[in-house]
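Let me begin by presenting the structure, written as structure tokens, before commenting on it.
The values are calculated or read from the model by the stated rules, or taken from the named source; none is laboratory data. Please read these numbers as outputs of a predicted model, since none were measured by experiment. Here the Cβ positions follow ideal geometry from the backbone for every residue, glycine too, while neighbour counts run over all protein chains shown. The accessibility values were calculated without ligands, DNA or RNA, using every heavy atom of the protein model including side chains. Shrake-Rupley method; radii C 1.70, N 1.55, O 1.52, S 1.80 Å.
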Amino acid sequence: MSVTIKDVAKKADVAPSTVSRVISDSPRISEKTKRKVRKVMDELGYHLNYNGRVLVSQSTQTIGIVTKVSSVHSFENPFFSELLRGISDACHESDYSIYLTTGNTEEAIYQEVVKMVQGKRVDGVIVLYSRQDDKVVPYLRECEFPFVMVGKPVDRASETMFVDNDNIQASKDVTEYMIALGHEKIGFIGGDSHYEVARDRLEGFRLALSNHNLKANEELRKNIHPGKVDADEVVKELMDLPDPPTGLVITDDYNALLVMRALAARGVKLPEDMSIVGFNNTMIAQLSNPPLTTVDTQSIQLGHESARNLIDLLNRPDMIKKSVIIPTVIVERESCKERWIYPQE
């Protein structure tokens, strides 16, 4: 026989209504009482009847996660896994489940979001990107459906809840780090320029060069697009230049690892011949050879804050829309080296 709320109430020596309020995390119940009741629930093996809860509260206790178009690439990239871990931790704390989109085209993902919203499958949505010409965010706004973005919105930022880093400043800082090591010919390898994060990091790179009176050579600027332009092609184009770069700013650890592998295949020694910095400080940054200097974007915290903010919005729909900027820090490892330029005799 299944355990009921009355069974929990009897053992915890509280009223059944108190147990119900603990389940809904009511602020009217003290933390001490909540801990006592939850302990009894665990001891008795009480499990909430979610179907009944949905019928009564009109809540699914589920949050939808909208990925980028290339979900295959997303699952390969540890940044996505760490972001999802942060979201999962926050959802678990508030007893929410996750519903993940799996489409591999813009239209497929958009249609999944429509089904989520129209079918009332989720209470709110976290969009894991900010992209030009996106159909998902305008649709969510039109439906007045609760959502939070990971990334600075392309437009209407003051009306939109989002969590992000200051990507312009972060890119500027890490480029200046490379300049301080004596590098003047610095290449930049970004991602898909349709995404706001890619444009911001390119802007920060250009600002750093300009502030140090270094020429922004467009031949040294490349992008890696999953399924279109790969790391081997980018490395070939850069290293075949008459005057190749001595340092590279790569805006994703995953792509940095692919570039490092392509450079090694060409006999380029790291960091003796080429210094490299990445972004995100994922686990592969520590495991690469040599270990990768990278910008820690605190990906787990990005995910946790996005979910926490969405849950707050679901609990208080009239709250003021807010944005959260997560600080970044450069983590120095062995992929960079000072470049000494000796004067000619």
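For the range 24-36, name all the residues that are open to solvent by less than 50 Å² (accessible area, probe 1.4 Å) and at pLDDT 80 or above. Answer for the range 24-36, where residues must be open to solvent by less than 50 Å² (accessible area, probe 1.4 Å) and at pLDDT 80 or above: I29, T33, K34. Within the range 235-246, residues that are more than 17 Å from I276 (Cβ to Cβ) have Cβ atoms under 7 Å from residues that are open to solvent by 40 Å² or more (accessible area, probe 1.4 Å) and assigned to a loop (DSSP other than H, G, I, E, B) in these pairs: D243/K185, counting only partners at least 6 apart in sequence or on another chain. When the residues of the range 215-233 are filtered to those that are aliphatic (A, V, I, L, M) and modelled with pLDDT under 95, the one that is farthest from S171 (Cα to Cα) is V229. Can we say I320 is β-branched (V, I, T), surrounded by fewer than 20 Cβ atoms within 10 Å (Cβ to Cβ) and within 30 Å of S59 (Cα to Cα)? In short, yes.
Give, as residue ranges, the strands (runs of 3 or more DSSP E) completely inside the range 235-333 that count at least 1 residues that are within 30 Å of V122 (Cα to Cα) and in contact with a strand residue (DSSP E or B) (Cβ under 7 Å, 6 or more places away or on another chain).
Here the list reads 323-325.
Residue count for the range 214-225 satisfying the condition of being buried (at least 16 other Cβ atoms within 10 Å of the Cβ) and more than 17 Å from P244 (Cβ to Cβ): 2. Inside the range 279-305, residues that are open to solvent by less than 50 Å² (accessible area, probe 1.4 Å) and under 20 Å from T251 (Cβ atoms) make up a count of 18. Candidates are the residues of the range 145-167 that are assigned to a helix (DSSP H, G or I) and closer than 27 Å to V295 by Cβ; the one that is least open to solvent (accessible area, probe 1.4 Å) is N167.
Considering only residues that are among the aromatic types (F, W, Y) and under 19 Å from the mean Cα position of the chain (by Cα), which ones fall in the range 189-209? Passing the criteria: only Y195.
Between E82, E142, E112, the distinction of being farther than 26 Å from I23 by Cβ, open to solvent by less than 70 Å² (accessible area, probe 1.4 Å) and over 19 Å from the mean Cα position of the chain (by Cα) belongs to E112 only.
Report yes if some residue within the range 195-213 is open to solvent by 30 Å² or more (accessible area, probe 1.4 Å), small (G, A, S), more than 27 Å from E106 (Cβ to Cβ) and not in a helix (DSSP H, G or I); otherwise report no. No, the range 195-213 contains no residue that is open to solvent by 30 Å² or more (accessible area, probe 1.4 Å), small (G, A, S), more than 27 Å from E106 (Cβ to Cβ) and not in a helix (DSSP H, G or I).
Would you confirm whether or not the range 175-189 contains a residue that is in a helix (DSSP H, G or I), buried (at least 20 other Cβ atoms within 10 Å of the Cβ), out of contact with any Gly (no Cβ under 9 Å at 6 or more places or on another chain) and hydrophobic (A, V, I, L, M, F, W, C)? No, the range 175-189 contains no residue that is in a helix (DSSP H, G or I), buried (at least 20 other Cβ atoms within 10 Å of the Cβ), out of contact with any Gly (no Cβ under 9 Å at 6 or more places or on another chain) and hydrophobic (A, V, I, L, M, F, W, C).
With respect to K172, determine if the residue is more than 23 Å from R316 (Cβ to Cβ), among the charged types (D, E, K, R) and surrounded by fewer than 21 Cβ atoms within 10 Å (Cβ to Cβ).
Considered against the rule, which asks whether it is more than 23 Å from R316 (Cβ to Cβ), among the charged types (D, E, K, R) and surrounded by fewer than 21 Cβ atoms within 10 Å (Cβ to Cβ), K172 comes out as no.
When E106 is tested against (1) of a type outside the set (V, I, T); (2) more than 28 Å from V295 (Cα to Cα); (3) touching a helix residue (DSSP H, G or I) at 6+ places or on another chain (Cβ under 7 Å), exactly one condition is not met: (3).
Counting only helices (runs of 4 or more DSSP H) that fall entirely inside the range 50-118 and contain at least 2 residues that are β-branched (V, I, T), on the phi < 0 side of the Ramachandran plot and at pLDDT 90 or above, the qualifying elements are 106-118. Taking I109, is it free of Cβ contacts under 8 Å to residues at least 40 places away in the same chain and β-branched (V, I, T)? Against the criterion (free of Cβ contacts under 8 Å to residues at least 40 places away in the same chain and β-branched (V, I, T)), I109 does not qualify.
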